[in-house]
Amino acid sequence: MQNIEYAIEFKNLNKTFKGHTVLENLNFNIARGKITTILGFSGAGKSTLIKHTLGLLTPTSGDVVVMGQNLNDLDPFQMREFRQKFGMLFQYAALFDSFTNFENIAFPLREFSPMSESQIEEKVLSLVEACGLTPESVHKLPSEISGGMRKRVGLARALALTPEILLYDEPTTGLDPITTKMVNDLIRDTAINNKERQLTSVIISHDVDATLKISDYVAFLDKGRIVEHLPVAEFRQSTNPLVRRFLEL
Amino acid sequence: MVTKSSNKITEIVEWFGAEVLDNLSGLGAFMRFVGQVFYWMVKPPFRTKLLFEQLYFIGNKSLFIVGLTASFSGAVMAYQTYLGFKVISADSFIGPIVAISLAKELAPVLSGLIVAGRCGAAIAAQIGTMKVTEQVDALEVMGVDSIQYLAVPRVVAATLALPLLAAVFLLVGNIGSWLIGTKVLQIDEVMYFSKVSSFMYVQDIMEGLIKAFFFGFLISVIACYHGFKVSGGAEGVGRGTNMAVVWGMVICLIFDFFLTSFLVQVL
């Protein structure tokens, strides 16, 4: 295993769309093996930042270094392969609605692993168990299960290729308090279960309460700049007026 | 007064310029998309399972509606031709006239319009819905190219299926024409077939099938493009689907003219 301190490094990152600056001279590192949450108001640039991390957007200037690899040095084919280091849980899980939950979880394995069908089935069932899904729910369609269960299927799919970095896009937005707690526990448990292999979790959120309960580090993004990036305990005590405003909302 | 009118002219020129630029950039984006479809068409992995699924959906599932349309189109063509040609005692020419019309124009164009309406709409709606529910993003994040996974099988399937559907249209349309011509309008059956074999050539059929091949490509690539362009939820999906059908049909009819002009020279 490589000895890398930071899973993701943003170096002088700038992004402009048609003259409009979305990310401005961003310098910020995400610690490996930890849960880091990026908080910010809507339109602060959180999604743009995530897309740069995944190489779905190229910087106007600056660098994004993931697990020691500068993404600017990768051609599109290498980039596609490199993306297998990531798993992502989307806001609404983004499951393929024409596939069963089993097929959704098996999809990355069928696409990228040399596993046989029986090995894939074994792996899917182990992921199902790890994510707290019932075996009977895996043969249903995503539309036939609850929002919370869909998140579990989404997480199982994200974990299928044993990623080094797990990205969560607004994991608790729009969920009821019980499901929110369930998703938070799931994020925490996934991080704990994969601690040995130093799984890095990055959460994009504006759900302060949920974030502070499960994160190791919290960064606050405003108008394309990181205005605060601290361990969670220190973040709670931050004197930054923007952060205070956000925390006291 | 002068300032007011010159302001109005400036506004019109600005509006016109913006529209031209907007359309040009839209055309550029479309051409780039077509380039990407061609690029991914020849790159492995080749997704044969997805291709056969789409062939089934676009080809097999369209057979009934194509057959139904073809039978009545052939029948009505025969009837109208009979009414017109009876005046000059040329009603025995119903067979070749309908057969050639079907082969060169009606079979490819009407099959194209049916596929644009039935499959173009479905393709745009499927991809559009996947776009707004982040399923397309999920593919990309997993390292699967969404154009290769979603667009290529649909475009290849439509390009292969449409000539076959046009051939079915031609066959069923001719059966409709034959039934009306010989059984209802009492044209001699031997005369009917001898005129068809005298006046109709393989080139006529080839012309129609080649056109259908291009229509299949255009309809599906336009539908995929509008599907991928969808944004803004259900309303966006509706708008994308509408654009896919309208532009699919319009481009088919426009290209029909140019393809005809070209094919009559080379065939």
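The values are calculated or read from the model by the stated rules, or taken from the named source; none is laboratory data. Remember, it's a predicted structure, so these values are computed and weren't measured experimentally. FYI the Cβ positions are ideal-geometry reconstructions off the backbone, even for glycines, and counts take in every protein chain you see.
Couple of notes before you dig in:
- Residues satisfying the stated conditions in segment A:2-56, i.e. polar (S, T, N, Q), crowded, with 16+ Cβ neighbours inside 10 Å and modelled with pLDDT of 90 or more: A:N29, A:T36, A:T37, A:T53
- The residue of segment A:127-146 that is farthest from the chain's Cα centre (by Cα), among those that are surrounded by 12 or more Cβ atoms within 10 Å (Cβ to Cβ) and of a type in the set (G, A, S), is A:S137.
- Residue check: A:L155 meets all listed conditions (1) within 12 Å of another protein chain (Cβ to nearest Cβ); (2) touching a Gly at 6+ places or on another chain (Cβ under 9 Å) but one, namely (1).
- Scanning segment A:92-129 for residues that are among the hydroxyl-bearing types (S, T, Y) and touching a Ser or Thr at 6+ places or on another chain (Cβ under 7 Å) yields a single hit, A:Y92.
- Taking the conditions (1) crowded, with 23+ Cβ neighbours inside 10 Å; (2) modelled with pLDDT of 95 or more in turn, B:M206 satisfies each one other than (1).
- Close pairs from segment A:143-157: first more than 13 Å from A:Y92 (Cα to Cα) and among the small types (G, A, S), partner crowded, with 20+ Cβ neighbours inside 10 Å and at pLDDT 90 or above, Cβ under 8 Å, at least 6 apart: A:A156/A:I105; A:A156/A:V124; A:A156/A:L127; A:A156/A:V128
- Residues being over 17 Å from the mean Cα position of the chain (by Cα) and of a type in the set (F, W, Y) - total across segment A:43-87: 1
- Any chance B:E134 is in contact with a Ser or Thr (Cβ under 8 Å, 6 or more places away or on another chain) and acidic (D, E): no
- Count of segment B:35-61 residues, restricted to those that are assigned to a helix (DSSP H, G or I) and out of contact with any helix residue (DSSP H, G or I) (no Cβ under 6 Å at 6 or more places or on another chain), is 11.
- Unmet criterion (only one of (1) surrounded by 14 or more Cβ atoms within 10 Å (Cβ to Cβ); (2) of a type in the set (A, V, I, L, M, F, W, C); (3) not in a helix (DSSP H, G or I)) for A:M182: (3)
- Leading residue by the ranking (surrounded by the fewest Cβ atoms within 10 Å (Cβ to Cβ)) among those in segment A:72-86 that are more than 8 Å from chain B (Cβ to nearest Cβ) and more than 20 Å from A:E9 (Cβ to Cβ): A:D75
- Restricting segment A:92-111 to residues that are facing chain B (nearest Cβ under 7 Å) and closer than 25 Å to A:M67 by Cβ, the residue that is surrounded by the fewest Cβ atoms within 10 Å (Cβ to Cβ): A:E111
- Some residue of segment B:224-235 being at positive phi, part of a helix (DSSP H, G or I) and within 14 Å of chain A (Cβ to nearest Cβ): yes
- Of all the numbered requirements in (1) modelled with pLDDT of 90 or more; (2) assigned to a loop (DSSP other than H, G, I, E, B), A:G132 misses one, and that requirement is (1).
- Candidate set from segment A:157-179 (those that are assigned to a helix (DSSP H, G or I) and in contact with a strand residue (DSSP E or B) (Cβ under 7 Å, 6 or more places away or on another chain)); member that is surrounded by the fewest Cβ atoms within 10 Å (Cβ to Cβ): A:L159
- All of A:T58, A:T53, A:T100 fail the test of being within 29 Å of A:P241 (Cβ to Cβ) and among the polar types (S, T, N, Q), apart from A:T53.
- Flag if B:V250 is farther than 16 Å from B:E105 by Cα and part of a helix (DSSP H, G or I): no
- Flag for B:F72 being surrounded by fewer than 16 Cβ atoms within 10 Å (Cβ to Cβ), touching a helix residue (DSSP H, G or I) at 6+ places or on another chain (Cβ under 6 Å) and farther than 30 Å from B:F228 by Cβ: no
- Filtering A:K140, A:K123 for residues that are charged (D, E, K, R) and in contact with a Leu (Cβ under 9 Å, 6 or more places away or on another chain) leaves a single hit, A:K123.
- Lone unmet requirement of (1) crowded, with 19+ Cβ neighbours inside 10 Å; (2) over 20 Å from B:A70 (Cβ atoms); (3) among the charged types (D, E, K, R) for B:D188: (1)
- Sub-9 Å Cβ pairs linking a first residue in segment A:42-67 that is touching a residue at least 24 places away in the same chain (Cβ under 8 Å) and facing chain B (nearest Cβ under 10 Å) to a second residue that is surrounded by 18 or more Cβ atoms within 10 Å (Cβ to Cβ) and among the basic types (K, R), at least 6 apart or interchain, are A:L54/A:R83; A:G55/A:R83, ordered by first then second residue.
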